[in-house]
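Nothing in this text is a laboratory measurement; each read-out follows from the coordinates by a stated rule. Being a predicted model, the structure only gives us computed values, none of them experimental. Note that each Cβ is placed from the backbone with ideal geometry, even for glycine, and that neighbours are counted across all protein chains shown.
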Amino acid sequence: MNLMKNALGLLLYCLLFSFSLAAQYPTKSLQAVRVDVPEMNVDGHFNEPFWQTLEWHRDFVQYEPIENAAPSQATAFALAYDDNFIYLGFKAYDSSPDSIVHRLTRRDDIDGDFVGVQFDSYFDHRTAFTFVASAAGVKFDFIVSNDGENEDPSWDPTWYVKNSRDQEGWYSEMKIPLTQLRFKKADQQTWGIQVARKLFRKDETIVWQPAARAQSGWVSQFATLDNLTNLEPKLPLEIAPYVVAQTDRYASIAGDPYHNKGATNTLNAGVDGKLGLSNNFTLDFSINPDFGQVEADPSRVNLTTQELFFEEKRLLFIEGKNIFNFPLLFGDGDLGSENLFYSRRIGRRPHYDPNLLDGEYIKSPEFTSILGAAKLTGKTQKGLSIGILESVTAEEHAAISTSEGPERKSTVEPLTNYLVGRVQKDFNAGNTILGGMITSVNRQINQVYLQYLPENALTGGVDFTHKWKNRTYEFSLSNYFSRIQGSAESIESVQSSFVHNFQRPDQDYKILDPRKQELLGFGGKALLGKFSGKLRFMAAMAWKSPGLELNDAGYMPEADNLFEVIWVGYRVYKPYKIFRNFSINFNQWQVSDFGWENLGLGGNINLHTQFTNYWHLSTGVNINGQSLYTTALRGGPALLVPTTYNWWGYLSTNDQKPWQIGWEFSQNWSQESYRKGYYQSLNFSYRPTKSLQTSVNAYFQKNINELQYIDQIPLGEQTRYLFGSIDQNVLGMSLRLNYTITPDLTIQYWGQPFIAAARYDALKYITNAKAATYNQRFHHYGPNEVFTRDDQIEFHEDGTATSYSVGTPDFNFKEFLSNLVVRWEYKPGSVLYVVWSQTRSDAVSMGQFNLGQDLDNLFAIDARNIFLVKASYRFSR
């Protein structure tokens, strides 16, 4: 009852203040002090004489939980500079020094109390270079772009920090080389600056320059750093050669000439580098890059027609990735992944899988080798941002042989060049942005059997954003195009792919043309919204033509749609009774195709809150109305599916405690008996010491779907689209152990057992995919029409001579993945890795799910073990 009263009170509070504007605070000015520091020992004690001459600034205020309120603990900082460095000193006073949370973690994964500084050295009000140190002395550095919308934690500059403690608090001394910042050459210049501290036990963030949480933008609210005189931009030069020794151990296979020894040893080398070309532009390059220390992708089973999206984990591509961002849609989640550039295309798995004759064995590369890559990034004094990425991947070959016969080679991936270019120009103090992007993929195809791949793929786009009224309102518009060229076979393959479905028989606005050697397409989006204040809203529209093809360099799971969305959200930042903060969102969307056929209408409501005891709660309900599923029949007519519903939620305990529990659930159901299922996830993390962190995330998912595609059988002028009722069970668990000996020496382990099993019954075929009545859309096979023999299902339709067969669709897939990584940064930028990776994987045509038996079988599978040592050494000036 009290919870209900609190919620009703919060709703009334929202209505009374729904149209209040974000607060605006006067901009502070910090006067930088030039000092003469012949040599400095960074030790966290401020022993150098110049520290005693500086003014220590103390007027901090809360950013959260209570904006602009007095902080719980006092903080002071001082700043100075010389020709080569910026010097920062922090005094983080604490009346309860025993309560300071100082947890050892790996770099960029800080936990506990921290202090930090952000520099807008471009002074573009959009970009900031961030340097943070935790109370345990762990570094966290990242670049902020788009005025706070994006953060890039992969940026790892070279800088120095040490901390100390006493009975009054803790102290941090920073020394930041000017080579790590980008700024213009001028006798006198001004930067933007923000200084912050985190009091972890109270989840309290304080800042020196007051900032409004309800206001759109972050960097645009910075203070100014003035009196910077006679600074000479420094051009970095860093070269880091590396060497990798690897041994691959696996079960030997008798008669297989490639796997009969049970071991393969390799030695590899390459070089990474960074070169400052001018005051504002940097060239990063890599020759023969290696990613052996990168964690494997999590196991997943995909029964849909859409390609799965995987996060980029390779440092070469995640560092500075924001400059190459050109989103096709809006928001986050699944929509946020669609982009003109998807870096996982570079170094992907080979396209071609050769057919083997009886008695033949194959050795094929798992991934395409990247011969080299170069990336030019920077921003001019006049606000022009430029990013250019060039990469070449090797022509890859598979070796094929019998146990006795000669070996033959088969090309599985052609030599390919990737080029990505991005420009953006700021106007009106960063409130207006005009940009453009282009991607180009060129393949050297010399084999007839690879002519199903396009030879050339060109995409490009322009985007425009304008914000006004102190960045409260925003209008953005983008348009993009695609052109692919190649053999008639390759263009037909694209047209008939699940992304495009030109062959769909129930439409007449797109025609499959097997003679085409070029395919053109276009797309875009328009958005108008209010993104400041407590009440926020957005109306947006996106479109992708049937011929739009971006998947050579980008990620686009589906073309041929018009997507409309309306969003209204409300934010409460100030604590109210049991709520520390609160937000609620309403969404509505509708999808059509370019034939103006309505594909579906839906909406949801969701809310998120943190309570005053620091627990988090999120929950929401989604409704998708009756929809047309255009790819359900894999090239056949669109299938009309009933209305579906989904209720989800997440609850987590206080993450400031040594232990934390998180519970996530999702329940889905539908009208008719079309589908139902649920998802349950339990996460437990525990810190027994300040150096050791453990976490276990276990989840179980059950899906029951009456209309799961199996296969299609051509029968003269007709096609049997075979479906079944699927009962799918998925179990997964992720175990992580992080042990930090020092911030530069860490041990990390990740392990994931995964089991997915599915059984099909109630077999049927589609009769009228768009029938008004659900049960008239398909015909159930009778007991005398279906016969199972070994791994085949035979169909003999009553009253006809029609018979056909398919392989049994039941499956049981098991996989175990693990990585153990020891990382030692023995000098800044020079790293030694010791890695052990293990994989166990197997799949059988059996749909039974039995946890105990499946786990026993999983760990009885022969393991593949990879051991490697990778060492790099950084040379710099």
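Observations on the model:
- With one equal scatterer per alpha carbon and no solvent term, the Debye-computed log10 I(q)/I(0) for the chain at 0.06, 0.08 1/Å reads -0.47, -0.86.
- Multiplying the residue separation of Ala526 and Gln188 by 0.36 nm and subtracting their alpha-carbon distance yields 117.6 nm.
- Mean-position separation - Cα centroids, the stretch 827-851 and the stretch 50-86, in angstrom: 46 Å
- Look at where the Cα atoms of the stretch 104-132 and of the stretch 331-362 average out, and the two centres are 35 Å apart.
- Distance between the modelled labels on Tyr473 and Asp82, one decimal in nanometres: 5.3 nm (7 Å Cα→Cβ projection).
- Net +/- balance of residues flanking Ala769 in space, Cβ distance below 11 Å, scoring K and R +1, D and E -1: +2
- Neighbour-limited loop hits for trypsin sites (Lys or Arg not before Pro), the stretch 365-461 (at most 12 other Cβ within 10 Å; DSSP other than H, G, I, E, B): Lys382
- Extension gain, Glu518 back to Ile713 (0.36 nm per residue minus Cα-Cα distance, nm): 67.2 nm
- Looking at the stretch 452-505, the trypsin sites (Lys or Arg not before Pro) that sit in a DSSP loop and have at most 15 other Cβ atoms within 10 Å of their own Cβ are Lys469.
- Summing charges over neighbours of Thr465, with a neighbour being any other residue whose Cβ is under 15 Å away from its Cβ, gives +2 when K and R count +1 and D and E count -1.
- Separation of the Val462 and Val834 label points, Cα + 7 Å toward Cβ, nm: 5.7 nm
- Where Rh is the Kirkwood radius over Cα pairs, Rg/Rh for the stretch 425-510: 1.20
- Extension gain, Ile605 to Leu682, is 25.4 nm, computed as 0.36 nm per intervening residue step minus the present C-alpha separation.
- When the Cα atoms of the stretch 417-576 are aligned to their principal axes, the ranges along those axes come out at 66, 38, 28 Å in descending order.
- Rounded Å value of the spacing that divides the Cα centres of the stretch 263-312 and the stretch 587-665: 32 Å
- Highest average first, the peptides 389-396, 284-291 ordered by how many other beta carbon atoms sit within 10 Å of their residues are 389-396, 284-291.
- Sites matching GluC sites (Glu not before Pro) across the stretch 39-81 that sit in DSSP coil, with at most 14 neighbouring C-beta atoms within 10 Å: Glu39, Glu55
- Treating r as the C-beta distance of Arg58 and Ile623 and R0 as 41 Å, the FRET efficiency rounds to 0.20.
- Proximal charge balance of Asn850 [Cβ under 15 Å; K/R count +1, D/E count -1]: -2
- Simple spin-label estimate for Leu235 and Asn654 gives 5.5 nm between the two label positions (7 Å along the Cα-to-Cβ direction from each Cα).
- Under 16 Å from the Asn775 label point (7 Å along Cα→beta-carbon), backbone N, the stretch 673-688: 673-675
- Rounded FRET efficiency, nearest 0.05, which uses the C-beta distance separating Val806 from Phe665 and R0 of 60 Å: 0.95
- Förster radius 60 Å - calculated FRET efficiency between Asn227 and Glu295 (Cβ-Cβ, nearest 0.05): 0.85
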